[in-house]
1. If you go through region 255-266 one residue at a time, do you hit one that is under 23 Å from Arg422 (Cα atoms), touching a residue at least 12 places away in the same chain (Cβ under 8 Å) and not in a loop (DSSP other than H, G, I, E, B)?
2. I'd like to check something: does region 291-300 contain any residue that is more than 17 Å from the chain's Cα centre (by Cα), buried (at least 24 other Cβ atoms within 10 Å of the Cβ), closer than 23 Å to Ala444 by Cβ and of a type in the set (Val, Ile, Thr)?
3. Testing Arg366 on (1) of a type in the set (Lys, Arg); (2) more than 21 Å from the chain's Cα centre (by Cα); (3) under 27 Å from Ile18 (Cβ atoms), one condition comes back false. Which one is that?
4. Where residues in region 17-57 are touching a Lys or Arg at 6+ places or on another chain (Cβ under 8 Å) and of a type in the set (Asp, Glu), which of them is surrounded by the fewest Cβ atoms within 10 Å (Cβ to Cβ)?
5. Out of everything in region 211-243 that is in contact (Cβ under 8 Å) with a residue 60 or more places away in the chain and part of a loop (DSSP other than H, G, I, E, B), what residue ends up being farthest from the chain's Cα centre (by Cα)?
6. In this structure, does Ala139 turn out to be surrounded by 18 or more Cβ atoms within 10 Å (Cβ to Cβ) and either modelled with pLDDT under 95 or at positive phi (or both)?
7. Counting just the residues of region 166-178 that are over 16 Å from Thr290 (Cβ atoms) and surrounded by fewer than 22 Cβ atoms within 10 Å (Cβ to Cβ), which one comes out modelled with the lowest pLDDT?
8. Starting from region 56-83, keep only residues that are free of Cβ contacts under 8 Å to residues at least 60 places away in the same chain, then list their pairs with residues that are in a helix (DSSP H, G or I) and of a type outside the set (A, V, I, L, M, F, W, C) whose Cβ atoms are within a distance under 7 Å, requiring at least 6 positions of separation or different chains.
Amino acid sequence: MLRTVLVANRGEIARRIIRGCRARGLASVAVYSEADRDAPHVTDADRAVAIGPAPARESYLDIGRLIGAARESGADAVHPGYGFLSENWRFAAACAEAGLTFIGPSPEAIRAMGDKTEARRRMAAAGVPIVPGSPEPVANAAAAERFAANVGYPVILKAAAGGGGIGMAKAATASELAPAWATATRRAQAAFGRADVYVERYVEQGRHIEVQVFGDAKGTVVHMHERECSIQRRHQKLVEESPAPHLAPAIKRGLTEAAVAGARAIGYVNAGTLEFLVDAQGFYFLEMNTRLQVEHPVTEQVTGLDLVVAQLDVAAGQPLPWSQDAIVQHGAAIEVRVYAEDPARNFLPSPGTVSRLSLPHGDGLRLESGVVEGSVVSVHYDPLLFKLIATGADRPEALARLAGALDACVVEGVKTTLPLLRCIVGHPEFRRGAVHTQMVEQGAFNG
């Protein structure tokens with residue numbers, strides 16, 4: 001049995017996990033850097049422990065400090081949230097070595113899926129379609145060019161140790177390959193401490209669709225249907241929804257069956273997500289996120305399930321309480337992520353103090369916020385302010401509620417992505433559900 005959970009994260013996801021702990025009668029421990037001393041997640045928790053200076057590498061990314069905070073607080077479990085160390089197998093292993101229950105998959109599963117070329121091999125062996133590309137990291141730009149000529153341009157170079165859209169560079173022609181190689185390896189080294197990159201064919205105007213999966217220690221694996229995540233900037237998602245609009249039943253069936261097969265092949269336990277690209281030819285595995293996703297609320301809204309509570313239960317050794325047939329989508333849910341960024345300046349972060357904050361409430365609306373009025377948006381962390389989720393009996397009703405809610409949002413003191421999100425939600429193509437991953441970068445929502 002679990003008693004006390006240390007939440008090794010910050011912001012809205014820390015608050016969400018603390019709420020889940022409370023629902024299960026578990027005590028929660030927040031951690032905070034000097035920059036987050038007065039943050040809302042610190043107040044929400046039953047106890048809070050300081051873990052160091054503002055820079056993440058000296059606080060939220062310091063495994064030793066986090067294990068020390070767990071010991072100091074008497075926690076017997078650790079929930080990593082998303083981002084930071086959530087997909088770091090060394091952190092999961094350190095928790096196990098310290099006698100702490102890691103609320104997530106095994107270090108072995110995290111490690112296997114964290115290396116993207118290894119993940120591609122594992123999924124291909126399980127019968128999951130993968131994007132054509134190099135089976136191993138490519139040693140240099142010349143090797144990358146040979147693989148690119150094989151799979152056909154455009155291609156994308158990706159960090160082998162990467163994920164979340166970080167460490168990528170696109171090459172549309174052979175002349176762009178060498179500069180893309182230099183960019184991708186530099187980004188990979190800076191973000192992950194490894195310069196290894198591999199080559200994939202770049203799927204033009206594809207859709208980014210992911211499948212939520214959940215496994216328990218008894219070997220049961222289920223899916224919780226799909227999410228549409230095609231509206232992105234710099235490979236980072238802005239809008240997510242479930243169900244995915246206009247998804248052919250045969251494609252949906254293939255996606256969900258492939259996701260379950262992939263998770264089962266690695267003995268996956270707890271919550272995870274398999275991400276796919278979908279185009280006119282079919283679908284292809286992109287990567288597996290071995291953690292809870294930012295966009296998990298849309299799945300919760302349409303299935304009626306609490307994924308955080310389920311994570312806690314499975315980590316405590318309980319079997320999944322649902323059969324696959326019992327997990328059904330009802331209605332539609334759409335989530336937007338509101339960042340402290342300036343879309344007019346290439347999404348440049350906008351740190352500062354939130355001097356005024358007025359957010360909507362009402363039927364069919366859910367808010368997951370990491371800030372309150374007076375909160376400081378630091379230069380040290382991801383600038384996500386809050387997520388707004390609208391649910392309806394169908395997609396048009398969810399869209400209508402979301403549009404009204406976005407119009408009612410007031411944030412002052414920092415620039416935000418609200419103007420862009422209002423434009424996206426009102427755009428005819430989006431309203432028709434005709435979406436693809438390049439819409440933002442191609443200027444579909446400008447003006």
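The values are calculated or read from the model by the stated rules, or taken from the named source; none is laboratory data. Note that the structure is predicted; figures quoted are calculated from it, not measured. Please note: Cβ atoms are built from the backbone with ideal geometry, for glycine as well, and neighbour counts cover all protein chains shown.
1. As a first pass, look at region 255-266 and keep what is under 23 Å from Arg422 (Cα atoms): none.
Checked region 255-266: no residue is under 23 Å from Arg422 (Cα atoms), touching a residue at least 12 places away in the same chain (Cβ under 8 Å) and not in a loop (DSSP other than H, G, I, E, B).
2. Let us first name the residues in region 291-300 that are more than 17 Å from the chain's Cα centre (by Cα), namely none.
Within region 291-300 (the criterion being more than 17 Å from the chain's Cα centre (by Cα), buried (at least 24 other Cβ atoms within 10 Å of the Cβ), closer than 23 Å to Ala444 by Cβ and of a type in the set (Val, Ile, Thr)), the answer is no, since none of the residues qualifies.
3. (2)
4. The selected residue is Asp44.
5. Lys218
6. No; evaluated as a whole, the condition is false for this residue.
7. Per the stated criteria, the residue is Met168.
8. That search, which allows pairs on different chains as well, returns Ser59/Arg65; Ile63/Arg90.
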